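Everything below concerns the one structure shown next.
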Amino acid sequence: MRKPFMAGNWKMNTDSHSSVALARAVVAGSTDVAGDRVDVAVIAPFVYLRAVAQAVSSSAVAVGAQDVYFEQKGAFTGEISPAMLKDVGCTYVLCGHSERRHVIGESDDLVGKKVTAAIHGGLLPILCVGELLEERDAGKTENVVERHLRTGLAGLDGEKMSAVTVAYEPVWAIGTGRTATPQQAQEVHQFIRGLLAKIYGKDLADEIRILYGGSVKPDNAKELMAQADVDGLLVGGASLKADDFVKIIRAGV
Ligand code: PGA
């Protein structure tokens, strides 16, 4: 019932040539499955979004941005509005990626404003949640994930919530080569779905896709996807190699 969703987060990588080449290779490797059997998105740096959107325009591969600002326009030097992202061909936008929370210093409230603004602007937000290693070790995983969810979704009614994808990304698993075990991922995904059911009711909670992210590779994608509440994967490093990302896409089929 939930179509698998594979998203490649390129982070601050690629250039004007390699971003287009990578997008084309993802399209070429996924045409027989993308859209019908699995949703696919490439999440490119702002400055390459337009070129990447053109490169995938005749395919079912969608484009996403890595961040957005919550205001519509005005004196916000350096920021990018939802309308601007729509204008260059974006469908999705990441909100609250852990690197923005922990490296750039975004607050929970700011992330919530971004999610709301993205939906109002006609984008589909991917709300990222997840605990630090010390939070996991202190037994606080569920508290942190619940706080990220409640503040990230603050004020959204059920209709708006249906535009949201949630991505669980334990910070200790991102870029470290240390993937959460499929069981660890499933435990938190189940907790997230339960919480969504409490807030929005079971029917809607059953429709929301919850992605796992953190050191996803071709050789662990299938077992992660085999978990009942893992509906897709948010892939960093491995999405920069078209062959690897295509293998991961196919693990969802
Ligand atoms: P990674 O990144 O796959 O390189 O661990 C995942 C992410 O940050 O989205």
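Every number in this text was worked out from the coordinates using simple rules, so none of it is lab data. Here the structure is a predicted model, which means the values were calculated and not measured. Backbone-built Cβ (ideal geometry, glycine too); neighbour counts: all protein chains shown.
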Check: What residues qualify as long-range amide H neighbours of Cys95, i.e. H under 5 Å apart, gap of 5 or more or another chain, H built at 1.01 Å from N?
Finding: Ile126, Leu127, Cys128
Margin query: Just to be sure I understand the rule: take each whole DSSP H helix in the chain, project its Cα atoms onto its long axis, keep it if the span is 20 Å or more and its mean Kyte-Doolittle hydropathy is at least -0.5. Which ones pass?
Written below: 16-30, 182-200
Note to self: Show me the ranking of peptides 136-142, 116-122 by mean Cβ neighbours inside 10 Å, starting with the highest.
What the structure shows: 116-122, 136-142
Next item on the list: Determine, for each peptide in 81-92, 176-187, 99-110, the mean count of other beta carbons within 10 angstrom over its residues, then list the peptides with the highest first.
Entry: 81-92, 176-187, 99-110
Checklist line | Exposure proxy order (Cβ contacts within 10 Å, fewest to most) of Phe70, Phe76 | finding: Phe76, Phe70
Check: So which of Lys140/Lys247; Lys3/Lys114; Lys113/Lys222; Lys113/Lys198; Lys114/Lys140; Lys160/Lys241 end up more than 32 Å apart by C-alpha?
Finding: Lys140/Lys247; Lys113/Lys222; Lys160/Lys241
Check: Under the rule of -39500 (n - 2.57) per DSSP H run of 4 or more residues, summed and divided by the residues of the chain, what mean residue ellipticity at 222 nm is obtained, to the nearest 500 deg cm²/dmol?
Finding: -12000 deg cm²/dmol
Next item on the list: Enumerate the calculated ³J(HN,Hα) couplings along segment 211-216 in order (Karplus 6.51 cos²θ - 1.76 cosθ + 1.60, θ = phi - 60°), each rounded to whole Hz, writing x wherever the residue is Gly or Pro.
Entry: 8, 9, x, x, 6, 6
Check: Quick one: Tyr48, Tyr69, fewest Cβ neighbours within 10 Å first, how do they rank?
Finding: Tyr69, Tyr48
Checklist line | Mean-position separation - Cα centroids, segment 40-75 and segment 137-201, in angstrom | finding: 24
Note to self: Let me make sure I get this right: for the chain, a, b and c are the square roots of the gyration tensor eigenvalues over alpha carbons, sorted descending. Under 1.5 in a/c it's rounded, otherwise prolate if a/b > b/c, else oblate. Which is it?
What the structure shows: rounded
Next item on the list: Quick one: which residues, 5+ away or cross-chain, put their amide H under 5 Å from the amide H of Ala41? H built at 1.01 Å from N.
Entry: Met6, Ala7, Gly8, Ala62
Item checked: Vicinal HN-Hα couplings computed from phi for segment 232-238 (Karplus, 6.51 cos²θ - 1.76 cosθ + 1.60; Hz; Gly/Pro x) -> x, 9, 10, 10, x, x, 6
